[in-house]
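J.: I have a structure here, written as structure tokens, and I will follow up with some questions on it.
The values are calculated or read from the model by the stated rules, or taken from the named source; none is laboratory data. Everything quoted here is computed from the prediction, not taken from an experiment. When we count neighbours, we look across all protein chains shown, and the Cβ atoms used for this are built from the backbone with ideal geometry, even at glycine. Quick note on the areas: whole protein, heavy atoms, side chains included, nothing else; ligands and nucleic acids left out. Shrake-Rupley method; radii C 1.70, N 1.55, O 1.52, S 1.80 Å.
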Amino acid sequence: MRNAPSNESTPYTYTRPTSATFTGKGLLGYSFGPLNQKDLEIYYVEVEKGHDTFMVSRKIARTYYVLAGSGYFTIDNRKYDVIPGVLVEVPPQVEYCYSGKMTLLILSKPRWFSGNDTHTRWNPDVLVREGPYGVDHSSWTTKLVRAKILGKSPTSFFLRLNERLWRRLPSSLAGLRPMLSYGALVNTLARMHRVRAQALSTYFLRNRPELEQIRRLLETKGKGETLRVAVLACSTGAAAYSVAWTIRSARPDLKLILHAVDISRQAVEFAEQGVYSRTRPELTNTDIFDRVHAAEMDELFLQNGDVVSVKPWIKDGITWHVGDAGEPEMLDILGPQDIVVANNFICHMDPFEAENCLRNIARMINPGGHLFVSGIDLDVRVKVARDLKWQPVQELLEEIHDGDSSCKVCWPCHYGGLEPLNKRRADWKIRYASVFQVGSIPPAQSMRNDENAQITETLYDTEPNCLTPSN
Ligand SMILES: C[S@@+](CC[C@H](N)C(=O)[O-])C[C@H]1O[C@@H](n2cnc3c(N)ncnc32)[C@H](O)[C@@H]1O
């Protein structure tokens with residue numbers, strides 16, 4: 001006898017989640033499970049115009065079944081019309097995309113993992129990358145870098161080859177001047193080649209020296225004072241909880257007003273719960289506890305088998321927002337902040353969009369307040385820092401720069417990779433700083449600034465061409 005369908009999942013049945021598991025431009029995706037078949041993932045997707053980018057899957061084979069609507073798939077440069085009832089099989093290593101207003105059921109085997117998909121170009125049916133958010137994708141150099149011969153991209157091949165070689169390179173060689181110059185060239189190609197795409201990946205205590213620098217900034221605060229902090233692009237919460245833990249354990253007397261913001265509703269709803277599985281990556285596909293020691297797990301979380309919950313003294317009082325850090329309204333929503341943390345999302349934007357976003361973020365900071373910003377194109381950061389006359393904080397500069405291993409390992413073959421710190425550059429003190437004091441500094445607040453003030457003088461007296469590598 002069959003049980004009546006219910007809206008509860010059982011060991012054998014799965015219901016669609018009520019909120020989307022992933023989103024794109026005009027696309028809502030819901031993931032069933034996790035299924036008992038560990039190597040299979042099934043999604044229900046509603047799409048308005050199509051997938052925003054063309055993709056090449058490294059290992060995953062995907063099967064699409066059209067439930068409703070109509071459109072077409074472009075696979076290996078050929079178009080295939082689809083209507084309800086049609087099944088489409090897309091093997092790995094083939095460039096593809098889909099367009100149309102459709103409802104799709106998608107099987108992914110094996111399950112999605114970070115690094116599987118390379119986004120090769122925008123889907124013109126979904127996004128026309130012109131106007132304020134566009135970059136010059138039509139320049140002949142970009143076209144050349146993205147060109148294909150017999151359906152294969154020579155740049156892709158070159159980057160993959162370099163990735164392999166670079167991983168094997170002893171660090172003593174990787175730091176040599178010719179290798180750094182070669183790496184910079186490879187990274188320029190990587191940035192031109194890849195279409196950028198956002199991801200939710202995050203870690204608790206992701207960059208320890210950065211948290212230490214936040215702690216040091218608190219030393220100038222008087223007993224019981226109010227501290228306003230915004231963590232932008234908080235993903236599933238790890239970044240916001242790490243900052244809250246640092247501040248609340250160092251200075252329990254402060255009145256902390258902490259806002260956490262992310263553009264993904266699904267990430268924010270998840271983050272707000274503060275409940276995580278120890279063993280099963282949820283939404284992020286990263287091992288979010290990878291950098292947390294056992295003693296810190298005990299301090300941060302209440303643990304119940306596989307399930308861990310952020311302790312109330314860390315979690316309570318955080319205000320969560322779904323919002324775009326690049327939108328001017330953000331300042332009205334959050335109000336001016338003493339510290340803004342904006343890490344690892346601006347690198348996924350084209351340079352023009354990145355610069356606008358960073359300038360908007362700067363508006364959220366009180367004069368004399370601090371901005372923590374890493375995971376961004378260094379040229380964009382330096383340009384805005386110089387224009388707005390930010391003071392790069394020199395304390396722990398090198399430690400913070402090297403403090404997040406996931407960005408370092410991606411260089412030079414991924415656009416988000418972090419360039420190794422190179423003190424031979426005349427501009428290294430601004431180029432590699434990821435903490436800045438923003439706006440004019442009220443005299444009473446000028447903390448640990450004697451050294452910085454001197455550095456700033458030197459930086460802003462320097463010729464503009466100090467951006468050019470001196471190697
Ligand atoms: C790679 S995660 C980084 C998470 C966290 N900041 C960290 O460093 O671990 C990028 C996050 O940025 C969010 N994001 C992307 N664009 C955004 C925007 N314009 N405003 C706010 N959040 C954004 C994404 O939804 C995602 O959660």
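J.: Could you give the angle, 0 to 90 degrees to the nearest 10, between helix 154-168's Cα long axis and the longest principal axis of the Cα atoms of the chain?
T.: The helix 154-168 is inclined about 60 degrees to the chain.
J.: Further, regarding this structure: Fully extended, how many nm does the chain gain between Lys59 and Val322 (0.36 nm per residue separation, minus their Cα-Cα distance)?
T.: Details: separation 263, 0.36 × 263 = 94.68 nm, distance 3.27 nm.
Going from the current span to full extension adds 91.4 nm.
J.: What does the helix-only formula give at 222 nm for the chain: each DSSP H stretch with n ≥ 4 adding -39500 (n - 2.57), the total divided by the residues, and the result rounded to the nearest 500 deg cm²/dmol?
T.: On the way: 16 runs with 141 residues, N = 471.
Value at 222 nm, helices only, nearest 500: -8500 deg cm²/dmol.
J.: Once you list every other residue whose beta carbon is under 14 Å from the beta carbon of Pro209, what net charge do they have if Lys and Arg are +1 and Asp and Glu are -1? If you can, show how the numbers build up before the last one.
T.: Numbers: positive: Arg206, Arg208, Arg215, Arg216, Arg291, Lys408; negative: Glu210, Glu212, Glu395, Glu398, Glu399, Asp402, Asp404.
In short, -1.
J.: Carbon-plus-sulfur fraction of the accessible area of the chain, 1.4 Å probe, in percent? Could you put the intermediate results ahead of the total?
T.: On the way: 12800 of 23310 Å².
Carbon and sulfur together cover 55 percent of it.
J.: Restrict the search to the range 313-375; then list the trypsin sites (Lys or Arg not before Pro) that DSSP places in a loop and that have at most 14 other Cβ atoms within 10 Å of their Cβ.
T.: Arg363
J.: Output wanted: per-residue J couplings in Hz (rounded whole) for the range 294-299, from phi through Karplus 6.51 cos²θ - 1.76 cosθ + 1.60, θ = phi - 60°, x for Gly and Pro.
T.: 4, 5, 6, 4, 5, 6
J.: Given the pairs Lys38/Lys143; Lys315/Lys383; Lys221/Lys311, which span a C-alpha to C-alpha distance of over 29 angstrom in this model? Before the final figure, lay out the partial values.
T.: Working: Lys38/Lys143 40 Å; Lys315/Lys383 36 Å; Lys221/Lys311 25 Å.
Pairs exceeding 29 Å: Lys38/Lys143; Lys315/Lys383.
J.: While we're on this one: Taking the mean number of other Cβ atoms within 10 Å as a proxy for protection, how do you rank 224-237, 265-278 from highest to lowest? Could you put the intermediate results ahead of the total?
T.: Values: 224-237: 23.0, 265-278: 19.0.
The densest-packed peptide leads the list: 224-237, 265-278.
J.: Quick check for you: with a 1.4 Å probe and neighbouring chains kept, what is the accessible area per residue of the range 22-122, in Å²? Each step should come with its number before you reach the end.
T.: Values: 4970 Å² over 101 residues.
Ligands and nucleic acids excluded, the figure is 49 Å² per residue.
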